Structure formats: C-alpha cells, structure tokens
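So the structure is just underneath, and the comments pick up after that.
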Amino acid sequence: MKRIFLAVSICLATNSYALSFEDAIVNPGESVSGKHLDEYANMWWQWTYTMPKEISPVRDTTGKYCHVGQQGEVWFLAGGYGTSKIKRRCEIPQGKYIFFPVINMAYWPRTEGSMSCDSAKRSAALNNDELLSIQVELDSMKALNPTSMRVASQDCFNLLGLVPKRYSPPNLYPAATDGYWVMLKPLAKGAHILKFNAMYNREKGAYSKMAQDIEYKIFVK
C-alpha cells in the first residue's frame, strides 16, 4: 500500500508541471476568458498607464511593485522601457495566467486625430519586422520557436482607456502594439525562474536597436 500511494503521489506532482515550454503556454490563436492574445496586449499597454510612475511595475527594478494594478484571471508581468537588463522577484497567486512581452512596440497619436489606426499598426510593426534574436525560458525549458509568438493589435485602442474617468484622461486613440508576447498557463505552487531576452536590428528609427534582457524569480502562493 505504501508503494502504491507513493507512486500516485509522484504522478500527481509530475502532472502539475509542464513537460516542455510549449506545454506551458497558450497558443497565439487561442483565448483566455473570451479574449485573444492581441486583446491582452492592448490591455497590457493600458494597464501600464493606470498607476503613478513611482510605483510602475515597468519602471521597477526589483519586482517590489509587480502586484500593482493586477486584477482578473490574467497577471501582467513587465519588461522594461527601452533597452533594459532587469532581475525581479514577484509573488503571484495560484491559478493566474501570466502574460508578458518579450519585446514589443506601441504607437499612439500625440494629439487626438493625428494618426489613423492603420498608420499606428504599421509604425508598431517596423522594429518587429527586423527582429535580430529572441529567447524565452521557463524553469530551464526553452521555447523551441519563439518567433511564432508574434502578436499584433487587430483593433486599435485608447491607450488611456483604463484610467478612471474622474481624472479626465485624454482620448489617445488609435493606439496599436506589435511584438512577441507570451501567455503562460497557471503555474504550480512554488518557485519558478522565467527568463526572456530579445533584440531589434532595424537600420534606423526609434528604439531600432532596443534590447530586452529580463529575469523573474516567481513565487506562486
């Protein structure tokens, strides 16, 4: 009886972990809670503008503020603004999907009505058309084909659409994003290591040589 119980326990523990990186992610064509990944990419950018700069998870260099602004079934992780090399620590409740950009761009009008939706999409795509390198790794499992994770806005959005109306935010529509995004399925309880890096190699333009090198120590509670 003891041997049988031990075997069952090991089987249950093993089943709580992905066998490959591809087992651990939601594919770009799939949805979570009725939304596709391009919709979450739009929401991620809106999320980044819902908190003051001093507690922004994107500007944070330690993970101290990784909990700020989180709500719903999907937990947003931050990369960095511009070229960034950052290590963070983040505690995440069990059962949350985890969504983050490996590298991405977003464009929006500086004044209302100064840009069309198609123009915003084209601008967001420019650097991503010239990707030099990309790697994503979870608990030593490496993504086999990370270039397949490219996600772009299908519909443009108001960048400040999640800012409470009492602050009278301007309407920054049409915004669009394009990049390489990952949606992790809920992780097992315990500690996990997530690493991702990527670099653009466009000849010229804003952030045309941007590089991201981000590492998270994730603790699922």
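Can you name every residue in segment 192-219 that is hydroxyl-bearing (Ser, Thr, Tyr) and either part of a strand (DSSP E or B) or open to solvent by less than 60 Å² (accessible area, probe 1.4 Å) (or both)? Listed by number, the residues that qualify are Tyr200, Ser208, Tyr216.
Selection of segment 42-91 for residues being part of a loop (DSSP other than H, G, I, E, B), more than 15 Å from Phe196 (Cβ to Cβ) and of a type in the set (A, V, I, L, M) yields Met51, Val68.
For segment 69-85, a residue qualifies if it is among the hydrophobic types (A, V, I, L, M, F, W, C) and over 15 Å from the mean Cα position of the chain (by Cα), but none of them does. Of the residues examined, Glu91 is not one that is within 13 Å of the chain's Cα centre (by Cα), over 17 Å from Val163 (Cβ atoms) and open to solvent by 20 Å² or more (accessible area, probe 1.4 Å).
The residues of segment 175-218 that are over 17 Å from the mean Cα position of the chain (by Cα), over 21 Å from Arg150 (Cβ atoms) and in contact (Cβ under 8 Å) with a residue 12 or more places away in the chain, listed by number, are Ala188, Lys189, Gly190, Ala191.
Selection over segment 102-134 of residues that are among the aliphatic types (A, V, I, L, M), more than 16 Å from Asn197 (Cβ to Cβ), in contact with a Phe, Trp or Tyr (Cβ under 8 Å, 6 or more places away or on another chain) and open to solvent by 40 Å² or more (accessible area, probe 1.4 Å) gives a count of 1.
Pick from segment 135-160 the residues that are β-branched (Val, Ile, Thr) and buried (at least 20 other Cβ atoms within 10 Å of the Cβ): which of them is farthest from His192 (Cα to Cα)? Residue satisfying both the conditions and the ranking: Val151. Does Ser168 meet the test of being open to solvent by 50 Å² or more (accessible area, probe 1.4 Å) and out of contact with any Pro (no Cβ under 8 Å at 6 or more places or on another chain)? Yes; evaluated as a whole, the condition is true for this residue. Against the test of being out of contact with any helix residue (DSSP H, G or I) (no Cβ under 8 Å at 6 or more places or on another chain), surrounded by fewer than 18 Cβ atoms within 10 Å (Cβ to Cβ) and within 27 Å of Asp155 (Cα to Cα), the options Ser33, Ser20 yield a single qualifying residue, Ser33.
The values are calculated or read from the model by the stated rules, or taken from the named source; none is laboratory data. Since the model is a prediction, treat every value here as computed from it, not as a measurement. Virtual Cβ from ideal backbone geometry, glycine too; neighbours counted across all protein chains shown. SASA here: full protein model, heavy atoms, side chains in, ligands and nucleic acids out. Shrake-Rupley method; radii C 1.70, N 1.55, O 1.52, S 1.80 Å.
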